[in-house]
Every structure is written in structure tokens, then in C-alpha cells.
Amino acid sequence: MSDQILGIHHITAIASSAQANHDFYTRVLGMRLIKKTVNFDDPGTYHLYYGDETGTPGTIITFFPWEGAPHGTTGTGMVTEISYSVSATALAFWEERLRRFKIEAGEKTERLGEVYLPFKDPDGLNLTFVANTGSDERKGWTTKEVSGQNTVRGFFTASLSLKQIDETAKILTDILGYRIESHEGNRYRFINESITTANKIDLLELPDGKRGRASAGTNHHIAFRVADEKVQMAYREKALEKGLQITPKINRDYFYSLYFREPGGVLFEIATDNPGFTVDESLEALGTGLKLPDQLEPAREEIEEGLPQLIIN
Ligand code: ZN
């Protein structure tokens, strides 16, 4: 087992409607709802997880859908764009599909030698499809409408907007095992070579950028992947040595987490592969039941009544 950071584990963002969020990520983008639970710290709100068949780290996007939440402001100190890897031949399919579903999308553009297609989710969260020219053997979840070469494979990169990138770059290189790969204008791409997918992070330097305000349509945090808790705790020691304030290990039921805010203001998490999403549901049944952590189980009835309606199709 690797004792390194293995790229991105998951990214968590904020939405304003559980139903609209669910329909977009499962129906339009063709991802699998792999877990339906609640925000452990705010059980009146769902916590929805989408990814590939098993919820492989590097494919997982999660949302807190605060019903009716006002839109946040994208800005510095946050993840401001999530890029998904698709096959080179899938971009035309997605251009057509996004148009058909009347999804706000931009023009295909080239960046760092890759063609990408920018679009937004129903809350305005910035997403892109990148025609992955490298090898990405991940299959992605298959639906009736999104299958074969067209599936969303998982993360390609995530872009972080910062007033000044130096201190954040140091966290990536000195703690998390990334190195600078390429650079274009104010975009600096870092790569972690301990894994071949979901292994890039882009830092965008925006000296005059306004600070982002977290609410619907913005990203809450980004989690980096480690194999297990032993590796995780070694990274905790490393972070403490560098003077970072990092939380103790927190049990998130499907993984264990540590959190720290990097100097540029972005909330970073380090999350484990274990135990994974099949810990409380079979592979076939993933995402079908409302799952609660043990501490909230006694309040299940009340929690279920308080949650908004969510029709899973
Ligand atoms: Zn997280």
C-alpha cells in the first residue's frame, strides 16, 4: 500500500436544492448516487455523494443542498473549478447533451495543451470536461443515456483561486507530494505522480481577486486521498511540524478525515480509502437508503420528517 497522497479523494460543494442537484448529477451527467446521508453536523440537510459504481476516490463529488440557500460568490480562497476527465471523443457528445438539457456552457477552448468544455451546474458551480489525452482507464458509471466512451471518468484537476500562490504551492510540494508540471499565464499546474488519475491541482494567481463567499454554487472543501489511517496520521504529523492547525481524526463513516485550512484560505481535508461506501449498503443498493451515523440513528424519524422530498429515479 502506498504511503503517499494519492491525488484527490473528493470535493464537497454547496447546492440550493437536493432534487435539482440529484437530477443534474445523475440524470444529465450520468453519475451514480452512491450515498444518501445527512450533514452529520446539521442533520436537517442531506449530504449527497455522486461518483462511479463503487464511489472510488478521485470520482466523488459531494453536496450539502441547503434548500433555498442564496448563491455564494466564487472568488479567492476556494476551489473555483472542477475538471472532469472524459475521452477525447466524448466532447462532441457532451456539447450536444448540455445544449439539449439547456445547461449553461461555454465554448470549447484550449488550455495547457488540452481541449476543455466549460459549463455550470444548476447552482452555477464551475465545471469543465477535459478531453483527456493521457491514459485514463477509469470506466465511469454507465446509464442508459451516458455509456461507453462517453462516461464521466472522474476528476482530471481542480482549480484553486488564490491572491498569491506561493504558500499554497509549498503545502502541495512540501507536504502533499506534488511537483509543478506546467504553467500558462496565471495558471500553475501541479501533479502528484504516486497515481495516474485525479492527480493534478491547478493554482490560479489572482492578485486583485475578491475573496469568495461560500454558499450555493461554490465549493466547500477539497479532500486529498490516502490509503489508510496509518498514512493519514503520518501526514498529520507532517502538517503539525510545518506549524499548520490540523484537526484530530474524525470518523465520517465512509472514510476518516483530517482538516486544515491552507494559508491561501482553502479548506483542505485528508481522507482515507477505508472503509468505503459498502460499509452500510451492498454495492447494488448504494445510494438507495437514507443512511445515518450511529449517533443520529435514535432521531431517524424526526430527521426523515425534516428533510425535503427527494425523488430518486
Ligand atoms: Zn470532505
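All of the numbers you see were taken from the coordinates with simple rules; none came from a lab. These numbers come from a predicted model, not from an experiment. When we count neighbours, we look across all protein chains shown, and the Cβ atoms used for this are built from the backbone with ideal geometry, even at glycine.
About the Cα centre, and with charges only on the beta carbon of Lys, Arg (+1) and Asp, Glu (-1), how big is the dipole of the range 117-207? Nearest 20 debye, please. Don't skip to the answer; put the middle values down first.
On the way: 11 positive and 13 negative charges, 47 e Å.
Dipole magnitude for the range 117-207 comes out near 220 debye.
Put +1 on the Cβ of each Lys and Arg and -1 on the Cβ of each Asp and Glu in the chain; which of Asn150, Phe64, Asn219 then has its Cα farthest toward the positive end of the dipole?
The Cα lying farthest towards the positive end belongs to Asn150.
Relative contact order of the chain, please, whole-number percent, based on alpha carbon pairs below 8 angstrom and at least 6 residues apart.
Numbers: 751 pairs, mean separation 79.6, N = 313.
Reported as a whole number, the value is 25 percent.
Using the Cα gyration tensor of the range 37-113, with a ≥ b ≥ c the square roots of its eigenvalues, what is the shape: rounded (a/c below 1.5), prolate (a/b larger than b/c) or oblate (neither)?
Values: a/c = 1.86, a/b = 1.57, b/c = 1.19.
Cα axes put the range 37-113 in the prolate bin.
Among Gly124, Gly113, Gly30, which one shows the highest mean-square fluctuation when the chain is modelled as a Gaussian network with alpha-carbon springs under 10 Å?
Gly113
How do Val226, Val152 rank when sorted from fewest to most other Cβ atoms within 10 Å of their own Cβ?
Val152, Val226
What are the lysines whose alpha-carbon lies under 22 Å from the alpha-carbon of Lys35, with same-chain residues fewer than 8 places away excluded?
Lys139, Lys144, Lys249, Lys291
Per DSSP H run of n ≥ 4, the term is -39500 (n - 2.57); total these for the chain, divide by its residue number, and report the mean residue ellipticity at 222 nm rounded to 500 deg cm²/dmol.
Dividing the helical sum by the residues of the chain leaves -3500 deg cm²/dmol.
Which percent of Cα pairs goes in each bin when the distances of the range 166-313 are cut into 5 angstrom slices starting at zero?
2, 7, 13, 16, 18, 15, 11, 9, 7, 2, 0
Would the range 73-141 count as rounded, prolate or oblate if I go by the C-alpha gyration tensor, calling it rounded below 1.5 in a/c and otherwise prolate when a/b exceeds b/c, oblate otherwise? Could you put the intermediate results ahead of the total?
Working: a/c = 1.69, a/b = 1.24, b/c = 1.37.
The shape class here is oblate.
Rounded, prolate or oblate: which fits the range 237-313, taking a ≥ b ≥ c as square roots of the Cα gyration tensor eigenvalues, rounded meaning a/c under 1.5, else prolate when a/b beats b/c?
prolate
Taking the Cα atoms of the range 121-204, what is the range of coordinates along each of the three principal axes, in descending order and whole Å?
Answer, in whole Å and largest first: 45, 32, 21 Å.
Just the C-alpha atoms of the range 47-182: what Rg/Rh do they give, with Rh taken as the Kirkwood radius?
Result for the range 47-182 is an Rg/Rh of 0.96.
Which of the listed residues, Tyr46, Thr272, Leu204, is farthest toward the dipole's positive end in the chain, when Lys, Arg count +1 and Asp, Glu count -1 at the beta-carbon?
About the Cα centre, the residue reaching furthest to the positive side is Leu204.
Of all the C-alpha pairs in the chain, what % are more than 37 Å from each other?
When every Cα pair of the chain is considered, 10 percent fall beyond 37 Å.
Gaussian network model of the chain, Cα springs within a sub-10 Å range: biggest mean-square fluctuation belongs to which of Ala15, Ala69, Ala271?
Highest fluctuation of the listed residues: Ala69.
Could you give the dipole magnitude of the chain about its Cα centre, charging the beta-carbon of Lys and Arg +1 and that of Asp and Glu -1, in debye to the nearest 20?
620 debye
Straight-line reach from Lys108: which aspartates and glutamates fall under 18 Å, measuring Cα to Cα and dropping same-chain residues less than 8 apart?
Glu81, Glu95, Glu96, Asp121, Glu184
Using Cα springs under 10 Å in a Gaussian network model of the chain, which residue among Thr128, Thr89, Thr74 shows the largest mean-square fluctuation?
It is Thr89.
If you add up the charges near Thr37, with Lys and Arg at +1 and Asp and Glu at -1, over every other residue whose beta carbon is less than 14 angstrom from its beta carbon, what do you get?
Once positives and negatives cancel, what remains is -3.
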